[in-house]
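The values are calculated or read from the model by the stated rules, or taken from the named source; none is laboratory data. Small disclaimer: the values here were computed from a predicted structure and weren't measured. In this analysis, Cβ positions are derived from the backbone assuming ideal geometry, glycine residues included, and neighbour counts consider all displayed protein chains.
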Amino acid sequence: MPEGYGLVVVIVIVVLYLLSSIKILAEYERGVIFRLGRLLATAKGPGVILVFAPVDRMVRISLRQDALEVPPQDIITRDNVTLKVNAVIFLRVIDSNKAVVEVTNYLYQTSQFAQTTLRSVLGEVELDELLSHRDKLNTRIQSILDQHTAPWGVKVVNVEVKQVDLPESMLRAMAKQAEAEREKRSKIIHAEGEFAAAQRLADAAHVMTTEPMTIQLRYLQTLTEIGAEKNTTIVFPLPLDLFTALGKLMEQAVNKSSK
């Protein structure tokens, strides 16, 4: 009876050991196996795998894309403007074995490289380029980070500069600049309108000069418009040439009387 009991205990222990050796990996997970401290050539998963502890040790790695936020960095641009800039990095593991063996913590390592790269790249450009060509800078930062993370089996999918905090004095200066730019455009548009109106008046005067009857027609049309408004006051325009002629006659009369 004791021998049979001992056999049952051994069987139960073996069964429990086998059950504990069964691991289930999701579709997006891979298991990096170290057997007696040596890395197996290929990662296991997804699905059901066997990990025989303590001979085997497994490290789970997720192949899903991660979003890593870079904390705000103090940056001085090429035109000596102090900014606070933060960004977000989208990355994913493409080689599970390298992500475990080549680096202690690939997320932390990528974050540190992202901070230094963000400061160095944005420090080489001026403020206007940073605000207007953000896509080009994002691509450049992503390319630099991808070169650093490729030996770890990590792919930097995208980098986005999320927020640029400007100092209060710079915001006031930019607001004044924008206001001056709008006023400049307003004056240009007004001047162009005046020029167009003057051009049309000159064309109309040229037509009236070639056809004197048009002046009379225009005069009658003006009287019709005044009468349509039920206005009792009628203004008769007098040509300026008449006043000029009268002025000359008066001047001649004064000269004769003085003699």
* Asked: Inside segment 154-180, can you point out the residues that are in a helix (DSSP H, G or I) and surrounded by 12 or more Cβ atoms within 10 Å (Cβ to Cβ)?
  -> Met170, Ala173, Met174
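So which of Val59, Val81, Val161 is among the β-branched types (Val, Ile, Thr) and under 30 Å from Phe34 (Cα atoms)?
Every option except Val59 fails the conditions.
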* Asked: In segment 1-48, which residues are closer than 27 Å to Ser62 by Cβ and assigned to a helix (DSSP H, G or I)?
  -> Leu18, Leu19, Ser20, Ser21
* Asked: Applying the selection to segment 28-48, what residues are in contact with a Leu (Cβ under 9 Å, 6 or more places away or on another chain) and surrounded by fewer than 18 Cβ atoms within 10 Å (Cβ to Cβ)?
  -> Tyr28, Phe34, Pro46, Gly47, Val48
* To do: Confirm whether Val15 is surrounded by 10 or more Cβ atoms within 10 Å (Cβ to Cβ), at pLDDT below 90 and of a type outside the set (Gly, Ala, Ser).
  => yes
* Per-region count, segment 86-140, residues more than 15 Å from Gln73 (Cα to Cα) and in a strand (DSSP E or B) -> 4
* Those residues that are assigned by TED's automatic domain parsing to the domain that holds Thr77 and among the basic types (Lys, Arg), I need them from segment 121-173; list them, please. => Arg134, Lys136, Arg140, Lys155, Lys162
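Looking for whichever is within 40 Å of the chain's Cα centre (by Cα), free of Cβ contacts under 8 Å to residues at least 60 places away in the same chain and not assigned by TED's automatic domain parsing to the domain that holds Ala150 here; the options are Ala26, Ala53, Ala41, Ala114. Which one fits? It would help to see each step written out before you state the result.
Values: Ala53 fails: within 40 Å of the chain's Cα centre (by Cα); Ala41 fails: within 40 Å of the chain's Cα centre (by Cα); Ala114 fails: not assigned by TED's automatic domain parsing to the domain that holds Ala150.
None of the other options fit; the residue is Ala26.
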